[in-house]
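The values are calculated or read from the model by the stated rules, or taken from the named source; none is laboratory data. Quick caveat, the model's predicted, so the values are computed rather than measured. With ideal geometry, Cβ positions are generated from the backbone for all residues, glycine too; neighbour counts draw on all protein chains shown.
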Amino acid sequence: MYAIVEIAGQQFKAEVNRKLYVHRLKGEVESSLSFDKVLLVENDGQVKVGAPVVEGASVKVKILRHLKDDKVIVFKKKRRKGYRVKNGHRQYLTQLLIEEIIG
């Protein structure tokens, strides 16, 4: 059984006992959350597609930890102009554990 759920503006495929990395969410570590924006639910070959969401479906998750992603280097250059800029950043993430899919 899996579901396509929208979390923090992005769509993710959620399966029970799988871990997801999403943009930083507000919430304490070891707390539980529930997401109601379920776009699709598949259970033993039966697929329910929402218009736009599946009624009565939700995904329950537990926050495992907050972390930072690997550094991404942003390098900009214009040929023959002497313009070079090097920047980088680390994205803030939250690790979630999918506990239950209701739907």
Between VAL29, VAL54, which is buried (at least 16 other Cβ atoms within 10 Å of the Cβ), assigned to a loop (DSSP other than H, G, I, E, B) and touching a strand residue (DSSP E or B) at 6+ places or on another chain (Cβ under 9 Å)? VAL54
If a residue has to be of a type in the set (A, V, I, L, M) and farther than 17 Å from PHE12 by Cβ to count, how many in segment 68-103 make the cut? 4
Condition first: among the small types (Gly, Ala, Ser) and modelled with pLDDT under 95. Now tell me which residues in segment 68-103 satisfy that. GLY103
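Of the residues VAL74, VAL49, VAL41, which single one is crowded, with 16+ Cβ neighbours inside 10 Å and touching a strand residue (DSSP E or B) at 6+ places or on another chain (Cβ under 8 Å)? Steps first, answer last, please.
Values: VAL74 fails: crowded, with 16+ Cβ neighbours inside 10 Å; VAL49 fails: crowded, with 16+ Cβ neighbours inside 10 Å.
After ruling out the rest, the residue left standing is VAL41.
Being assigned to a strand (DSSP E or B), within 20 Å of the chain's Cα centre (by Cα) and surrounded by 12 or more Cβ atoms within 10 Å (Cβ to Cβ) is the requirement here; does LEU67 meet it? Talk me through it step by step, then tell me what you get.
Values: assigned to a strand (DSSP E or B): yes; within 20 Å of the chain's Cα centre (by Cα): yes; surrounded by 12 or more Cβ atoms within 10 Å (Cβ to Cβ): yes.
So LEU67 fits the description; yes.
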Can you tell me how many residues in segment 79-103 are part of a strand (DSSP E or B) and not hydroxyl-bearing (Ser, Thr, Tyr)? 15
Count, please, the residues in segment 1-36 that happen to be within 18 Å of GLN91 (Cα to Cα) and small (Gly, Ala, Ser). 3
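For segment 11-26, give me each residue that is surrounded by 10 or more Cβ atoms within 10 Å (Cβ to Cβ) and without any contact (Cβ under 8 Å) to a residue 60 or more places away in the chain. So that I can check it myself, show each step before the final result.
Going through segment 11-26, the residues surrounded by 10 or more Cβ atoms within 10 Å (Cβ to Cβ) turn out to be 11-16, 18-25.
Within segment 11-26, GLN11, PHE12, LYS13 meet the criteria.
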Tally, over segment 32-51, of residues that are part of a strand (DSSP E or B), farther than 11 Å from VAL5 by Cβ and of a type outside the set (A, V, I, L, M): 5
